[in-house]
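Notes to accompany the following structure.
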Amino acid sequence: MDQPTVIITGASRGIGAAAARSAARLGAAVILAARTAGALAQLAEEIRGSGGRSFEVQADIGREADCRKVIALALEKTGRIDGLVNNAGVLEPMGRIAESDPAGWQTSWAVNFLGPVVLIQAALPELRRSGGRIVNISSGAASSVIPGWAPYSTSKAALNHLTRILAAEEPAVTSVALRPGLVDTQMQAEIRQNGRGRMSESSYDRLSGQHAAGKLLPPEAPGKAAAYLALYSPREWSGEVLPVDDGRIQALYEAHPDQE
Ligand SMILES: NC(=O)c1ccc[n+]([C@@H]2O[C@H](COP(=O)([O-])OP(=O)(O)OC[C@H]3O[C@@H](n4cnc5c(N)ncnc54)[C@H](OP(=O)(O)O)[C@@H]3O)[C@@H](O)[C@H]2O)c1
């Protein structure tokens, strides 16, 4: 009866899937949301196969009705919400502001920012009750200037500020943002494949170089950080934007060892 419930969006691959595995290992029931039903079903089955509890829900986080469906499913299956990890995100469209299409901005902001707003709003009554936690997956691009990444970067900057305002408005809930670092996922592969000529050359070269040098983080690193923050981040961190290598997150790992 005491098992916490953690919702993870963008759980079909990458950082979200790693966060789901980690949260399940820590004893949470996990609600897995994304658009790709097959990958979600496979992960949910894998988690159940290792003795965990998981439920998948196909949802486009850019659609308000789908966001509400995710929260409803969590309550129907487990009756509570203790953590919400807003991880689903899209980098596209890349390109200069001068040539950008407003429709692209709308898609980007719908998934990266407005979806999390709807999810947070719908989950808040339960999160207040549980003294729960919100983890918004941000990006270094929220503060560094990368020409060609305006829709993505501005939506992540807005997510950081949403986190701060939420912390001030909702004292019963802990709201943090996590900067995952440079992570070896499909998003980085898409940058290498589609980014040349659509983003600053220096940033393209830097990201490709980090990949070539084997320096991208495995998704398990920020996934573990997101899961720990969703289950254990203390109230006094509320409003902070934490880098994945923050020493205080490492201390949480030591305070709550998982079964790895
Ligand atoms: N990789 C990095 O270096 C890096 C750096 C900084 C921040 N981040 C952030 O980390 C988060 C996870 O990214 P990742 O690197 O793991 O990328 P990824 O491998 O591309 O995964 C993105 C996830 O988001 C989901 N998603 C995308 N659009 C969605 C939509 N409309 N509705 C529901 N789910 C959607 C995808 O699932 P479906 O396609 O199945 O819907 C997928 O599960 C993102 O917020 C990203 O901005 C990543």
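The values are calculated or read from the model by the stated rules, or taken from the named source; none is laboratory data. Every value quoted in this text rests on a predicted model; they were computed, and no experiment measured them. Cβ atoms come from the backbone with ideal geometry, glycine included; neighbour counts cover every protein chain shown. Just the protein is used for accessible areas: all its heavy atoms, side chains included, with ligands, DNA and RNA removed. Shrake-Rupley method; radii C 1.70, N 1.55, O 1.52, S 1.80 Å.
Pairing residues of the range 22-48 that are closer than 25 Å to G62 by Cβ and within 14 Å of the ligand (Cβ to nearest atom) with residues that are among the acidic types (D, E) and outside any loop (DSSP other than H, G, I, E, B), at Cβ distances under 6 Å and at least 6 apart in sequence or on separate chains, gives L32/E56; L40/E56; A41/E56; A44/E56.
If only residues of the range 42-71 that are among the small types (G, A, S) and in a helix (DSSP H, G or I) are counted, the one that is farthest from A88 (Cα to Cα) is G49. State all residues of the range 193-211 that are surrounded by 11 or more Cβ atoms within 10 Å (Cβ to Cβ), farther than 19 Å from R96 by Cβ and of a type in the set (G, A, S); if no residue qualifies, say none. Hit for the range 193-211 is S208, nothing else. Within the range 67-77, is even one residue within 11 Å of the ligand (Cβ to nearest atom), touching a residue at least 40 places away in the same chain (Cβ under 8 Å) and open to solvent by 20 Å² or more (accessible area, probe 1.4 Å)? Within the range 67-77 (the criterion being within 11 Å of the ligand (Cβ to nearest atom), touching a residue at least 40 places away in the same chain (Cβ under 8 Å) and open to solvent by 20 Å² or more (accessible area, probe 1.4 Å)), the answer is no, since none of the residues qualifies.
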